[in-house]
Amino acid sequence: MMKKKLIAALLAATVAVGAMPSAGALLDGFTASRTYSNQFTDVPTNAWYYNSVKSAYNLGLVNGSSATTYSPNKEVTIAELYAMASRIHAAYYGNEIQPVDGAWFAPYVEYSQEYLDTGSHDNAYSYSDGVLVANLPAARWYFACILYAAVDPDEFNQLNHVLSGSIEDIDAIENEEVRDCIYTLYNAGILTGSDAYGTFHPDDGITRAEVAAIMARIIDPAQRKTFTPQEKPVNTGLANYVGKWYFNDWPDCGLGIEKIGNDYYLSLTIVQGKGYRFNGTLEPVKLINKGTYYESVRFDTMRATTAVARIRPEGNQLVVSCTEYGTSSLPLNMSGKYCSRR
């Protein structure tokens, strides 16, 4: 389960498989409290977010930016995030949001501080570059973590099979618990990313249209989406990646890319343990372009087993996955590990 105090620490630093519920069954505590009558002129009936805005509005989770507009492309602020998460949490657990003197968002800051343990009171009223933090756009990763904490994680039944290591900009997030939270929402069909590859853009803002969709999918499991991310094609050759590389989280271990003739080879000559040959006794193995990654031919390991590595160049890093065969103990098995030069 997500550690709630993590959310407060991360914001401060930056400024179970089960069956799906039957269609139309909302989570406990949620009923329509009003009826959307197409009053928002900027939410056309053919918009991808129309049904989500309608559902979220009927459930009392979102309001318009005016009597006749919703502003679907406007980014959600941290204050608005606290309000939305508080409304969901209060409805789900049968709590009341008590009135508090001060800004419009004060009751939600206090509620989220008490029940979501966000550290919201200290953060919301502080300033960053002269701007009240409450009025700053909420980053997508932070929004996902707060919404994850608003209901019991058991509500996020697995619908998809999006493996850790399959979406690059999620795997680049340093904190493992944040990555797990986001992958849980992908697997529950609540998040689907911004393209066919599932790209998340964790540090970008999130729009009111996207927020309506996410909240509607949390509350109404019938609206959750099946999703299988496609693999990105390799658009970069290995010419600029020749040399030694070290795993970001295994600083004493690494690999090398060599060019021999017209081909590129994976070298393990600088690896220290981790199931590879100690101090490097393995001949370089050829890398073959598979369209979305480079794959090595199968090679022998020091454990009398064989393994295959996949290499993908990403900017100034390499993304490495590896599978070892012929053993029940798999020290070489890894997915989406990043390597950098020294």
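One residue alone among GLN113, GLN98 is in a helix (DSSP H, G or I), polar (S, T, N, Q), open to solvent by 30 Å² or more (accessible area, probe 1.4 Å) and more than 18 Å from GLY198 (Cα to Cα), and that residue is GLN113.
For the range 44-77, filtered to residues that are open to solvent by 30 Å² or more (accessible area, probe 1.4 Å) and among the β-branched types (Val, Ile, Thr), the residue that is farthest from the chain's Cα centre (by Cα) is THR68.
Within the range 97-111, the residues that satisfy the criterion of being of a type outside the set (Val, Ile, Thr) and within 14 Å of MET84 (Cα to Cα) are TRP104, PHE105, ALA106, PRO107, TYR108, GLU110, TYR111.
Screening LYS5 on (1) at pLDDT 95 or above; (2) open to solvent by 30 Å² or more (accessible area, probe 1.4 Å) shows it passes everything except condition (1). Against the numbered list (1) within 30 Å of ALA90 (Cα to Cα); (2) over 13 Å from the mean Cα position of the chain (by Cα); (3) part of a loop (DSSP other than H, G, I, E, B), THR236 comes up short only at (1). Across the range 289-339, what is the number of residues that are among the β-branched types (Val, Ile, Thr), open to solvent by 50 Å² or more (accessible area, probe 1.4 Å) and modelled with pLDDT under 80? Total meeting the criteria: 1. On the given criteria, is HIS121 under 30 Å from TYR50 (Cβ atoms), open to solvent by 50 Å² or more (accessible area, probe 1.4 Å) and at pLDDT below 95? The answer is no for HIS121. Considering the conditions (1) surrounded by fewer than 17 Cβ atoms within 10 Å (Cβ to Cβ); (2) in contact with a Gly (Cβ under 8 Å, 6 or more places away or on another chain); (3) modelled with pLDDT of 75 or more, HIS201 is excluded by exactly one of them, (2). Before we move on, is ARG342 within 15 Å of TRP245 (Cα to Cα) and at pLDDT 85 or above? Taking the combined requirement at face value, the residue does not satisfy it. Here VAL211 clears all of (1) open to solvent by less than 20 Å² (accessible area, probe 1.4 Å); (2) among the β-branched types (Val, Ile, Thr); (3) assigned to a loop (DSSP other than H, G, I, E, B) except the condition numbered (3). Among residues of the range 35-54 that are over 17 Å from LYS74 (Cβ atoms), those with a beta-carbon under 6 Å from a residue that is among the aromatic types (Phe, Trp, Tyr) and open to solvent by 30 Å² or more (accessible area, probe 1.4 Å) at least six positions away or on a different chain give the pairs TYR36/TYR57.
Scanning the range 23-43 for residues that are modelled with pLDDT of 95 or more and within 29 Å of the chain's Cα centre (by Cα) yields ASP42, VAL43. Residues in the range 162-191 that are in contact with a helix residue (DSSP H, G or I) (Cβ under 7 Å, 6 or more places away or on another chain) and in a loop (DSSP other than H, G, I, E, B): VAL162, SER164, GLY165, ILE173, ASN175, GLY189, ILE190, LEU191. Here the range 145-162 is the region considered, the condition is being over 16 Å from THR226 (Cβ atoms) and aliphatic (A, V, I, L, M), and the residue that is surrounded by the most Cβ atoms within 10 Å (Cβ to Cβ) is ILE146.
For first residues located in the range 101-113 and modelled with pLDDT of 90 or more, partners that are surrounded by fewer than 19 Cβ atoms within 10 Å (Cβ to Cβ) and in a helix (DSSP H, G or I) and lie 6+ apart or on another chain with Cβ distances below 6 Å form the pairs VAL109/HIS121.
For GLY130, only one of the following conditions fails: (1) open to solvent by 30 Å² or more (accessible area, probe 1.4 Å); (2) small (Gly, Ala, Ser); (3) at pLDDT 90 or above. What is its number? So the condition that GLY130 fails would be (3). Listed by first and then second residue, the pairs linking a residue in the range 163-176 that is under 10 Å from TYR338 (Cβ atoms) and open to solvent by less than 40 Å² (accessible area, probe 1.4 Å) to a residue that is part of a helix (DSSP H, G or I) and not hydrophobic (A, V, I, L, M, F, W, C), with Cβ atoms under 8 Å apart and 6 or more places separating them unless they lie on different chains, are ASP171/ARG179.
The values are calculated or read from the model by the stated rules, or taken from the named source; none is laboratory data. On a predicted model such as this, the values are computed, not experimentally measured, just so you know. Neighbour counts run over all protein chains shown; Cβ positions are idealised from the backbone, glycine included. When the accessible area is computed, the model is the full protein with side chains, heavy atoms only, and any ligands, DNA or RNA have been set aside. Shrake-Rupley method; radii C 1.70, N 1.55, O 1.52, S 1.80 Å.
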